[in-house]
Amino acid sequence: MTTGEMRVIPVLFPDEVRTGDDLAEKLRVALRQQRLWVQAGDILVIKHKIVSKAEGQIVQLCEVKPSRAAKDWAQKSGTDARLVELTLRESKRIVRKKMLGQKRGVLITETRHGLVCANSGVDASNVDGGNSVVLLPKNPDGSAARLRSRIKKLLGVSLAVIVSDSFGRPWREGLAEVAIGVAGMKPLLDYRGKRDPHGYRLRASYEAVADELACAAGLVCGKLNRTPVCIVRGFKYQRGRGSARDLIRSKQNDLFR
């Protein structure tokens with residue numbers, strides 16, 4: 001729910017994030033340098049990659065020993081067997097294996113978090129040129145909650161935090177941001193049972209506001225701008241305990257399993 005103007009403010013991180021870095025402290029420095037601030041009611045959308053880097057979720061490919069299954073698929077699909085191995089390790093199940101052409105294949109997996117995405121979220125971009133990859137945070141909701149708590153202690157401001165990642169979508173080309181971690185807000189807005197301006201009672205309107213906010217931030221932060229954080233201001237969200245797991249459709253309601 002928005003009243004009036006909603007703003008999305010990019011926050012530049014000039015320095016590379018490394019394992020063990022205090023993201024809240026880096027945010028404080030970045031805000032001061034750019035003469036920005038956070039205030040109560042803001043939503044902080046942060047790219048998962050810097051969260052993963054700070055938490056040490058980085059793997060050097062030279063240390064990965066591919067299994068036979070990884071080597072077999074890599075040979076068929078023209079993929080690095082080490083990336084395939086990490087994809088398999090990070091997955092709970094393989095949803096789909098498909099060849100899209102000669103020597104071009106894709107693995108769609110369900111991660112241990114319950115997320116369905118390409119290659120279990122294993123990503124070599126924006127790391128070190130291809131020598132290492134970043135994995136998803138072990139517990140994205142926990143990462144969001146810890147960052148929220150640290151920001152409140154360091155800056156004295158209570159806000160919501162969304163950890164985001166880029167996913168492909170069934171039947172649609174291109175990537176879009178999704179919320180994989182949430183703290184301090186309800187990720188879904190339930191309109192079911194309410195009436196529209198014409199008096200019609202809504203039956204299926206269940207809005208994924210955390211995903212929509214992640215997408216809004218993604219438009220501003222971009223992929224190559226060194227702006228892994230955005231402040232969303234002016235959106236009247238529902239405060240309270242929330243989890244990105246609430247956005248994952250249950251097995252009994254999943255029409256595509």
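The values are calculated or read from the model by the stated rules, or taken from the named source; none is laboratory data. This is a predicted model, so every value here is computed, not measured. Protein only, heavy atoms only, side chains kept; ligands, DNA and RNA dropped before computing areas. Shrake-Rupley method; radii C 1.70, N 1.55, O 1.52, S 1.80 Å.
For the stretch 42-51, 3J(HN,Hα) computed residue by residue from phi via the Karplus equation (6.51, -1.76, 1.60; θ = phi - 60°) reads 5, 10, 9, 9, 10, 5, 4, 4, 6, 5 Hz, glycine and proline entered as x.
The shape of the stretch 84-141 comes out oblate: with a ≥ b ≥ c from the C-alpha gyration tensor, a/c is at least 1.5 while a/b does not beat b/c.
Measuring only protein heavy atoms, the 1.4 Å probe finds Cys117 accessible over about 10 Å².
For the chain, the square roots a ≥ b ≥ c of the C-alpha gyration tensor eigenvalues yield an a/c of 1.5 or more together with a/b not exceeding b/c, which makes the shape oblate. The fraction of accessible area contributed by carbon and sulfur in the chain is 50 percent, rounded to a whole number (1.4 Å probe; ligands and nucleic acids excluded). Out of all Cα-Cα pairs in the stretch 15-56, roughly what percent, to the nearest whole number, are more than 14 Å apart? The proportion of pairs with Cα distances above 14 Å equals 53 percent.
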